[in-house]
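Asks: Have a look at the structure that comes next, please.
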Amino acid sequence: MTEQISPHVTSLHVPLAWFPQPYPPNVFLVADGGEAAIIDSGFGDDESYNKRIEVLTAAGAPKLKYIIITHHHYDHSSGAHRLREATGAQIVLHADEVDLLLNPKAETGDFEIPEDQKEAREMAAKWRAEAAKATPDVRVRDGDVLRVGGLRLRCIHAPGHTDGHLCVYLEEDGVLFAGDNVLGVGTAAIAPPPHGDMALYIASLRMMQDVGAALLAPGHGPVVKDPVRKIQELIDHRQQREDQVVALIASGKDTAKSLVKAIYPELDKRLLLMATGQVLAHLHKLQAEGKVSLEGSGAETRIIAR
Ligand SMILES: [Zn+2]
């Protein structure tokens, strides 16, 4: 299931039957001159792990220098520790993401799993604990450059989905690794503060447009060939949602719950927490801009128009 997406980048796709969403996390191999880096580790299950090792061996066993984790969410990070043990690679994380990764007990706003789904919650706790073993060897900041063979991987701090979310730009191939800021299909979940920040997310998307990439390699789903247009669609989608929220508040809706009901009338119950999170993320952005005040929390949050 590997696919070469540019001269130096291969997508290491592992279809995971048990993954609850249609697109499992993407893992990309960047290789040049006998050296390599992996962007995101994917899960640490046997199937995923064996596949990564197999691909590295088939690629002539380049020296794996770096495992770069775009953000702490366990679908991107829980395979890193095992891969480091096997290869001696250094795990790279943005400095602002370290505490989030190393503290698996904290609710981190990745997959909001309802209380009654016990098995799914236990599974998530297991992956979080595995992810927390990926103590970073290298902490990067915006603008840092990592070298792999003759290639330059530029680290771009692009927060919003998480605080220390990292995008990586491979200048030689014009490939921007987008993490969960862009999904090949659909839109990323942006949690309300403290886990996510809608205003920062939109600012990050605009900054990503300015990189001038030829190809976007997203955290999930297929690669994107027209980055500027795709990112503009995401910005427009968020703006339309915000306009809708503002109009509903003007029409008298005054709780997060009533907004969710109006915006997603046919919602599958399992997606309720996710949908509520999206609405709250927009409300917190409006509050930060002085357009509303909020009282209470979660679905019961009350909205006072200003
Ligand atoms: Zn994520």
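Only the coordinates and a few stated rules stand behind these numbers; no lab work does. From a predicted model like this one, the values you see are computed outputs, not experimental measurements. With ideal geometry, Cβ positions are generated from the backbone for all residues, glycine too; neighbour counts draw on all protein chains shown.
Asks: Return one quarter of the surface area of the convex hull spanned by the alpha-carbon atoms of the chain, equal to its mean projected area, in nm². Write out the running numbers ahead of the final one.
Replies: On the way: hull surface 59.8 nm².
Taking the Cα atoms of the chain, their convex hull projects to 15.0 nm² on average.
Asks: Mind giving me the nanometre distance, one decimal, between the label points for L294 and T2, set 7 Å out from Cα along Cα→Cβ?
Replies: Modelled inter-label distance: 4.5 nm.
Asks: OK, next. Once the convex hull of the C-alpha atoms of the stretch 93-246 is built, how many Å³ does it hold per residue, rounded to a whole number? Working shown, then result.
Replies: On the way: hull volume 20.0 nm³, N = 154.
Cα-based convex hull of the stretch 93-246, divided per residue, equals 130 Å³.
Asks: So, one more: Starting from the Cα coordinates of the stretch 174-297, work out the convex hull volume and express it per residue in Å³.
Replies: On the way: hull volume 13.6 nm³, N = 124.
Convex hull of Cα atoms, per residue: 109 Å³.
Asks: Here is a follow-up. What percentages make up the Cα-Cα pair-distance distribution of the stretch 121-180 when the bins are 10 Å wide from 0?
Replies: For the stretch 121-180, the binned pair fractions read 20, 39, 30, 10, 1 percent.
Asks: Here's a follow-up. Applying a 10 Å radius around every beta-carbon, put 74-83, 218-227 in order of their mean neighbour count, most first.
Replies: Details: 74-83: 25.7, 218-227: 19.3.
Listed from highest to lowest mean packing, they are 74-83, 218-227.
Asks: If you don't mind, another one. Given a 10 angstrom Cα cut-off, can you work out which residue in D45, D142, D116 is the most mobile in a GNM of the chain?
Replies: Result for the chain, Cα springs under 10 Å: D116 fluctuates most.
Asks: Spin-label point model (7 Å from Cα, Cβ direction): what's the R152 to L267 distance in nm?
Replies: 4.5
Asks: What is the set of long-range amide H partners of I5 at a cut-off below 5 Å, with H atoms built 1.01 Å from backbone N?
Replies: HN-HN under 5 Å from I5: T10, S11.
Asks: Here is a further query. Can you list the HN-Hα couplings for the stretch 154-161, worked out from phi with the Karplus curve (6.51, -1.76, 1.60; θ = phi - 60°), rounded to whole Hz and with x for Gly and Pro?
Replies: For the stretch 154-161, the Karplus-derived couplings read 8, 7, 10, 6, 9, x, x, 5 Hz, x marking Gly and Pro.
Asks: Hey, another quick one. Please give the contour-minus-distance gain from N50 to D226: 0.36 nm per residue of separation, less the Cα-Cα distance, rounded to one decimal in nm.
Replies: Details: separation 176, 0.36 × 176 = 63.36 nm, distance 3.26 nm.
Stretched fully, the N50-D226 segment lengthens by 60.1 nm.
Asks: Mean-square fluctuation check for the chain, GNM, Cα pairs under 10 Å: which of M274, M198, M123 is largest?
Replies: M123
Asks: For the stretch 2-225, please report how many Lys pairs fall under 30 Å Cα to Cα, leaving out neighbours fewer than 8 apart on the same chain.
Replies: 19
Asks: Can you work out the PRE-style zone for K118? Point 7 Å along Cα to Cβ, and I want the residues of the stretch 262-287 with backbone N under 20 Å.
Replies: Flagged as within label range: 270.
Asks: For T187 and R141, calculate 0.36 nm times their separation in residues minus their Cα-Cα distance, and state this gained length in nm to one decimal. Walk me through the numbers before you get to the answer.
Replies: Working: separation 46, 0.36 × 46 = 16.56 nm, distance 2.58 nm.
14.0 nm is the gain from fully extending T187 to R141.
Asks: Can you work out ³J(HN,Hα) from phi for every residue in the stretch 31-45, in order, using Karplus 6.51 cos²θ - 1.76 cosθ + 1.60 and θ = phi - 60°, giving whole Hz and x for Gly and Pro?
Replies: Running phi through 6.51 cos²θ - 1.76 cosθ + 1.60 with θ = phi - 60° gives 9, 6, x, x, 10, 8, 9, 10, 9, 6, 9, x, 6, x, 5 Hz.
Asks: If you don't mind, another one. Through the Karplus equation 6.51 cos²θ - 1.76 cosθ + 1.60, θ set to phi - 60°, convert the phi angles of the stretch 224-233 into ³J(HN,Hα) values in whole Hz; use x for Gly and Pro.
Replies: Working through the residues one at a time gives 10, 8, 10, x, 4, 5, 4, 5, 4, 4 Hz.
Asks: By how many degrees, 0 to 90 and rounded to 10, does the Cα axis of helix 198-210 deviate from the longest principal axis of the chain?
Replies: 50
Asks: Pull up the cross-link candidates among the lysines for K261, meaning alpha carbon to alpha carbon under 18 Å and not fewer than 8 places away within one chain.
Replies: K261 reaches K253, K269.
Asks: At a 10 angstrom cut-off on C-beta neighbours, averaged per residue, how do the peptides 57-65, 157-165 rank from highest to lowest? Working shown, then result.
Replies: Working: 57-65: 15.1, 157-165: 24.7.
Packing proxy ranking, top to bottom: 157-165, 57-65.
Asks: What number, in percent, do you get for the relative contact order of the stretch 251-305 if the mean sequence gap of Cα pairs under 8 Å and at least 6 apart is divided by its residue count? Kindly include the intermediate steps, with their values, before the conclusion.
Replies: Numbers: 52 pairs, mean separation 23.5, N = 55.
Here the relative contact order equals 43 percent.
Asks: Let me ask something additional. Helix-only estimate, please: 222 nm mean residue ellipticity of the chain, summing -39500 (n - 2.57) across DSSP H runs of length 4 or more and dividing by its residues, to the nearest 500.
Replies: Details: 9 runs with 106 residues, N = 306.
Rounded to the nearest 500, it is -10500 deg cm²/dmol.
Asks: Right, next: Can you give me the long-range amide H partners of V140? Hydrogens built in the peptide plane at 1.01 Å from N, cutoff under 5 Å, separation of 5 or more residues or another chain.
Replies: Distant-sequence amide H within range of V140: L93, H94, A95.
Asks: Moving on. Using the reciprocal of the averaged 1/r over all distinct C-alpha pairs, how large is the Kirkwood radius of the stretch 26-146 in Å? Walk me through the numbers before you get to the answer.
Replies: On the way: mean 1/r = 0.0678 Å⁻¹.
Hydrodynamic radius (Kirkwood, Cα pairs) of the stretch 26-146 is 14.7 Å.
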